[in-house]
Amino acid sequence: MSKWLDHAIFYEVYPQSFMDSNADGIGDFKGIQSKLSYIKELGCNAIWMNPCFDSSFYDGGYDVRDYYTTAARYGTNEDLRELIEAVHAHGMHILLDLVAGHTSIEHPWFAASCKDAKNEYSDRYIWRNFGGPRNQSYENIAGFISGFSERPAMAAYNCFTSQPCLNYGFAKVTEPWQFSADSKEAEATRLMLQDIMSFWLDLGCDGFRVDMAGSLVKEDYDHKCTIRLWQKIRAFLDERYPDSVLISEWGNPLEALEAGFHMDFLLHFGPSHYMDLFRENPYFSANGTDDLTEFMEYYTNCYEKTKDHGLMCIPSGNHDMVRMRDTLSLEEMKLAFAFLLTMPGCPFIYYGDEIGMQYMHGLVSKEGAYERTGSRTPMQWDHRVNAGFSAAAPSKLYLPVDRSEDRPCVLCQNEDDNSLLKHVQLLTHFRGEHSALNSNASFRFLMDGKGYPLVYERWNEEEDLLVAFNPSKEAVQFQLDSEKILENVLLSHMDASVENEKEIHLPAGSYLVCQLH
Ligand code: NOJ
């Protein structure tokens, strides 16, 4: 695994909404480039950029029309190369977003696949004859679309009807129109994907976040065939691009890391109980649940089984979920970030979460975002027009800027020593100074799930740290039940303290990091 992942802290950039350099109302590569110092000062040293290839934009770029050309609205391939070089010159890394499972309905490959005459792309997608039971469903296929092809058949789609599935085959072939996962047709799709990856790795990117990585092979209930597919891709990358890095949108680290991904996300859907942390009725809210048992059970089980061969990554949010600030106050978010930045795996900070940007309710959907629209609004930099995001007329913006009077911004939080931004900066730097907080340093919980405080230990051969949180409204204490003693308090928020080398006192809304000896 690439060494830089040991101390990587990622920043997710949604290119549409980060920084507009040419006043057309939408973010772009040059805008991102102009803000690399900001990302670096925040303490992040790696970037995941959401899809930036030519697209129909029926799903914010997750519907690619040309995998080899950047979307004109962000800039040219050459502009992207320059951005990547600038990222490296800042001592940082960048992962691109690879939409592996489907293309846009407007992709020329799909147009060719629709033709009646057999051609190179006929089997690049999953086509089903008109006959047979119409309402039969298949695992990992959302449905079938028809009406626009010459060939008398229906194409399978993944999410929206504008996203026809690429053909990686079926785990078990039960119908005449299906190909097996090891058929030459499915193999051709894998080779195509490898070619796309090579193209961008040759341009200089450091790897990929892979969209819907776990659902490529259909009817693959135990995901064994999808795992095998990725193992082949990983073997190819290990040989040709040994430093390249892969993180999956899989949501099952046990499978994803076996498949060859270096990292997998805890996701807002699936079995991880991620939502119990920061959203809905979350542990990190003073009014939320006091029960983290299910999260801890899931996390511990996955951690123990994967710790030697990959990382589980916890994001502050992403472009698909309501922002953390919708359920947590700015003060509560300080604890949430302290958790994110002291846990194993690489932390991911979704742009704007570091200043507590709001989820904007009631926006009209943009480019297939629907309820996700409110989490994708322009970054708030300063007090200028459009919060410094763009010099375009406000009516020209891709999405409106938060207009509330107390909207947070980078400039004002930089001027306030108590701000969330300053706090996040402090924590990223703290993580960087303590190798026991590296992504692969050891970890264990020191309490059972229910109640407060939340306490865990991080250690390596150099140091041993204890981290304790009390997000509740009442003060709590913690008694260390071990031969070790509590030493120097390294970070104390809201007067959390250590007494008699064995006791921790945590006022309401506080946390503490200290050494163990
Ligand atoms: C997951 C992406 O994060 C999401 O934004 C997208 O809509 C779906 N995959 C489909 O590609």
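Miscellaneous remarks
- Take the Cα of Met494, step 7 Å toward its Cβ, do the same at Thr69, and the gap between the two points is 5.4 nm.
- Potential extension, Lys172-Ser329 segment - 0.36 nm per residue separation minus Cα distance: 51.6 nm
- Mean projected area of the convex hull spanned by the Cα atoms of the range 61-125, taken over all viewing directions: 5.3 nm².
- Per residue Cα convex hull volume in Å³ - calculated over the chain: 147 Å³
- Distant-in-sequence amide contacts of Met447, defined by a placed amide H-H separation under 5 Å and a gap of 5 or more residues or a different chain, comprise Val455.
- Note on the range 107-218: the alpha carbon radius of gyration divided by the globular reference 2.2 N^0.38 Å gives 1.10.
- With Cα atoms as the point set, the range 321-433 shows a radius of gyration and Dmax of 14.7, 45 Å.
- Pairwise inverse Cα distances across the range 430-517, averaged and inverted, put the Kirkwood hydrodynamic radius at 13.0 Å.
- Each pair of Cα atoms in the range 168-284 enters the Kirkwood radius, and Stokes-Einstein at 4 °C and 1.567 mPa s then converts it into a translational diffusion coefficient of 84 µm²/s.
- Its Cα gyration tensor gives the range 279-386 an equivalent ellipsoid; the semi-axes, largest first and in whole Å, are 28, 16, 15.
- Alpha-carbon centroid distance for the pair the range 442-517 / the range 77-109, whole angstrom: 41 Å
- Only Lys, Arg, Asp and Glu carry charge here, each on its Cβ (+1 for the first two, -1 for the last two); on that basis the chain has a dipole of about 1480 debye about its Cα centre.
- In the range 376-517, taking the dipole from charged Cβ atoms about the Cα centre, the farthest positive-side position among Leu486, Ser404, Ala508 is held by Ser404.
- Ellipsoid equivalent to the range 1-140 - semi-axes via the Cα gyration tensor, in Å: 36, 18, 13
- Only Lys, Arg (+1) and Asp, Glu (-1) charged, at Cβ; the range 224-327 dipole about Cα centre in debye: 400 debye
- The slack between Ala475 and Asp291, meaning 0.36 nm per residue of separation minus the straight C-alpha distance, is 64.6 nm.
- Options Gly169, Ala186, Ala117, ranked by Cα towards positive dipole end of the range 115-192, top entry (Cβ charges): Ala117
- Ranking Leu257, Tyr241, Tyr283 by Cα position along the charge dipole of the range 218-291, where only Lys, Arg, Asp and Glu carry charges on their C-beta atoms, puts Tyr241 farthest toward the positive end.
- Cβ-placed point charges (K, R +1; D, E -1), dipole of the range 1-153 about Cα centre in debye, nearest 20: 400 debye
Here, each number is a calculation from the coordinates, and none is a lab measurement. Nothing here was measured: the structure is a model prediction, and the numbers come from that model. Heads up, the Cβs are rebuilt from the backbone with ideal geometry, glycines too, and the neighbour counts pull from every protein chain shown.
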